[in-house]
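The values are calculated or read from the model by the stated rules, or taken from the named source; none is laboratory data. Here the structure is a predicted model, which means the values were calculated and not measured. Cβ: placed from backbone, ideal geometry, glycine included. Neighbour counts: every protein chain shown.
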Amino acid sequence: MKQFRFHAVASVLLAAAMALTGCSGGGDAAKPSEPGSTPSGSQGGGTKQVTLSMHSWRVEDTEGYAKIIKAFEAENPNIKIDFKPFKATEYNTILNTALQSDSGPDILQLRPYAAGTALAGAGYLEPLDSLPGITNFPKDVLAGATGKDGKVYGVPLSLSTTQFYYNKKIFEQNGLKEPKSWDELIATAKTLKEKGIVPISFGAKEGWLLSLSHGVIAPASLKDGYIDKLMKGESDLKSPEFLKSVQRMQELIPYFPENYVGLELNDMRTLFATEKTAMFINGSFELEGIKKLNPDLQLDIFPMPTDDGKSVITTWVDGSYAVNAKSKHKQEALKFMEFMTTKKFAEMFANELKMISAMPGVPLQDPLLNKMAELSQSSSTPYLMIVHFSEGNPTTKKTLENSLQGMYLNKLTPEQVADEVQKSAATWFAPFKK
């Protein structure tokens with residue numbers, strides 16, 4: 001399997017011409033605070049405070065951001081940050097509605113790659129190329145928040161990985177080891193099921209979890225060089241390799257919980273953390289949530305074993321923070337952005353939120369997070385649907401999610417899923433139009 005190299009995909013990351021993707025729901029966005037009397041950018045004593053609104057899709061990070069924001073406010077007493085997270089599946093709709101009505105937050109969390117930079121193309125974001133500290137991030141990492149115009153619009157947050165979490169106690173009690181091939185993974189799941197243990201915590205209610213899980217499973221069947229051929233149009237998404245990846249998503253069904261089609265992330269996380277399931281396919285960003293639910297859980301991870309005897313961990317630049325171009329407190333918002341480019345922020349972010357910082361060289365206190373970070377350097381592969389196929393209307397990523405939900409409802413075959421995904425990509429992906 002070809003290792004993920006951010007520079008190898010930078011050119012395709014910039015082709016963002018779509019609205020934010022894949023989220024349902026709605027609600028009222030928080031209104032930015034009323035304008036203060038602080039002159040733009042002034043930090044002197046005796047001036048009134050400015051309160052900046054800051055929106056995120058990570059409710060799980062509220063406690064960690066409280067500590068980070070407190071550290072910023074201690075150094076900038078005239079600026080207060082009102083951090084307001086929303087449910088991930090509702091965030092896009094809330095944010096779009098607010099931006100379109102000129103009531104968006106001063107600081108907003110951007111979805112990665114095309115989904116986020118589309119907001120820059122619509123004129124909603126302030127360019128950050130001249131922001132002090134932005135050069136602390138490699139160009140390949142900044143590519144995840146770079147618009148079609150070549151300008152940077154977000155301060156990158158983290159490098160996310162996606163893999164199998166597993167319960168070491170359950171594995172040891174049943175004489176099981178980390179699987180090193182697809183056949184071993186299936187054999188492990190069968191053994192667990194025979195002993196009355198639900199093998200994999202999985203739910204199909206939220207579409208984004210399906211493309212994420214596919215991002216883990218797919219590399220098992222994608223041969224070395226396949227992605228390069230895909231990017232050149234020498235292969236497509238109806239290929240035997242891609243079809244096999246969908247078939248394997250179907251092959252795992254017997255090892256999911258009962259009524260898995262109605263389960264969402266909170267259900268899946270709880271099942272795994274309370275030791276009712278043995279494995280859990282999810283991202284590095286779930287580590288903190290799992291540990292909060294059960295600090296005593298004997299937890300480990302393994303990367304996806306491939307058909308050629310290797311193993312890979314799926315990775316991507318995951319999100320960034322941007323400044324609303326229509327913010328009434330733009331200079332103060334940029335001051336917070338500058339703080340986010342510092343090593344102090346990067347270290348607090350990594351260790352309070354248990355995530356891999358997008359800034360190189362940031363030490364990680366959590367050994368399991370370190371393991372993920374090391375694998376991301378040695379054995380990584382791109383999250384195919386986010387890095388390469390997050391455009392279209394609906395996006396090809398969303399098409400895969402909808403089609404997989406159809407498959408799990410017994411309405412589509414794997415062949416039909418692959419066909420739908422290919423048809424979606426062919427509407428916008430230039431190599432498929434040759």
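So that you can scan it fast, the table gives a plain yes or no per residue for (1) outside the structural domain of Pro360 (by TED's automatic domain parsing); (2) free of Cβ contacts under 8 Å to residues at least 12 places away in the same chain; (3) touching a Leu at 6+ places or on another chain (Cβ under 8 Å):
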position	(1), (2), (3)
Gln100	no, yes, no
Gly104	no, no, yes
Pro112	no, no, no
Pro138	no, no, no
Gly144	no, no, yes
Lys148	no, no, yes
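Flag: Leu108 matches the condition of being in the same structural domain as Lys330 (by TED's automatic domain parsing) and part of a strand (DSSP E or B). Scan the stretch 276-286 for residues that are surrounded by fewer than 21 Cβ atoms within 10 Å (Cβ to Cβ) and assigned to a helix (DSSP H, G or I) and the total you get is 0.
Can you pull out the helices (runs of 4 or more DSSP H) entirely within the stretch 119-200 that have at least 1 residues that are aliphatic (A, V, I, L, M) and out of contact with any helix residue (DSSP H, G or I) (no Cβ under 8 Å at 6 or more places or on another chain)?
182-194
Taken over the stretch 287-320, the residue count meeting the criterion of being part of a loop (DSSP other than H, G, I, E, B) and farther than 19 Å from Ser211 by Cα is 9. Only a single item in (1) over 21 Å from Thr51 (Cα atoms); (2) in contact (Cβ under 8 Å) with a residue 60 or more places away in the chain; (3) not hydroxyl-bearing (Ser, Thr, Tyr) is not met by Leu108, and it is number (1). Of everything in the stretch 290-334, what is of a type in the set (Gly, Ala, Ser) and either buried (at least 17 other Cβ atoms within 10 Å of the Cβ) or touching a helix residue (DSSP H, G or I) at 6+ places or on another chain (Cβ under 7 Å) (or both)? Give them in sequence order. Once the filter is applied, which keeps residues that are of a type in the set (Gly, Ala, Ser) and either buried (at least 17 other Cβ atoms within 10 Å of the Cβ) or touching a helix residue (DSSP H, G or I) at 6+ places or on another chain (Cβ under 7 Å) (or both), the stretch 290-334 yields Ser311, Gly319, Ser320, Ala322, Ala325, Ser327, Ala333.
Right, Glu241: in contact with a helix residue (DSSP H, G or I) (Cβ under 6 Å, 6 or more places away or on another chain) and among the charged types (D, E, K, R) or not? Yes, satisfied. If you go through the stretch 107-161 and keep only what is modelled with pLDDT of 95 or more and of a type in the set (Lys, Arg), you end up with just Lys151. When you check Ala426 against the structure, is it touching a Phe, Trp or Tyr at 6+ places or on another chain (Cβ under 6 Å), of a type outside the set (Ser, Thr, Tyr) and surrounded by fewer than 19 Cβ atoms within 10 Å (Cβ to Cβ), yes or no? Yes: the conditions hold for Ala426.
Listed by position, the helices (runs of 4 or more DSSP H) inside the stretch 346-434 whose residues that are farther than 24 Å from Gly147 by Cβ number at least 3 are 367-378, 396-408, 414-426.
Of the residues examined, Val421 is not one that is β-branched (Val, Ile, Thr) and under 25 Å from Gly309 (Cβ atoms). Among the listed residues Glu352, Glu391, Glu338, Glu347, identify the single one that is outside the structural domain of Phe137 (by TED's automatic domain parsing) and acidic (Asp, Glu). Selected residue: Glu391, the only one of Glu352, Glu391, Glu338, Glu347 that is outside the structural domain of Phe137 (by TED's automatic domain parsing) and acidic (Asp, Glu). Of the residues making up the stretch 227-248, just one is in contact with a Ser or Thr (Cβ under 7 Å, 6 or more places away or on another chain) and touching a residue at least 40 places away in the same chain (Cβ under 8 Å), namely Arg248.
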